[in-house]
1. Have a look at I93, I99 and point out the one that is part of a helix (DSSP H, G or I) and at pLDDT 75 or above.
2. Within the range 62-84, can one find any residue that is surrounded by 14 or more Cβ atoms within 10 Å (Cβ to Cβ), part of a loop (DSSP other than H, G, I, E, B) and modelled with pLDDT of 90 or more?
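The values are calculated or read from the model by the stated rules, or taken from the named source; none is laboratory data. These figures come from a predicted structure and were not determined experimentally. All Cβ positions, even for glycine, are placed from backbone atoms using ideal geometry, and neighbour counts span all protein chains on display.
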Amino acid sequence: MTKPELEVLNEKLKAELEHVRKLNNEQDVELAALRAGADNVQKLKNEYTERLSEAYWMPTKNERGAGRKPKISPELIHEVNCLRVDGLSQRAIAEKLSISVGLVNKACNALI
């Protein structure tokens, strides 16, 4: 190869390298945006669980904690409602989670 041909190839290589660096930077920006989005989703999920706990977790009846404890937790309510949205019947959800149909019904009605 002649020297001018090598210089042309070198310039093409530099241009291609610059293009690859630019693409890499764009991917880094997109990755950072995805990570920020994932963090936001996690924050929203935590906030949702916290608010669900505040709204539907029945407090104890007195300071000693005497009385019947609730069988239904916010996590169970969320899981039951997710399965319900997926199209499962209350009976199928009860069998899948090994709980009673009545408890499934209470969980379904808790968010209404």
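1. On the way: I99 fails: part of a helix (DSSP H, G or I).
Going through I93, I99 in turn, just one is part of a helix (DSSP H, G or I) and at pLDDT 75 or above: I93.
2. Filtering the range 62-84 for residues surrounded by 14 or more Cβ atoms within 10 Å (Cβ to Cβ) gives 72-74, 76-81, 83-84.
Filter once more, so that each one left must be part of a loop (DSSP other than H, G, I, E, B): 72-73.
Imposing the further condition that a residue be modelled with pLDDT of 90 or more reduces the set to none.
No, that holds for no residue.
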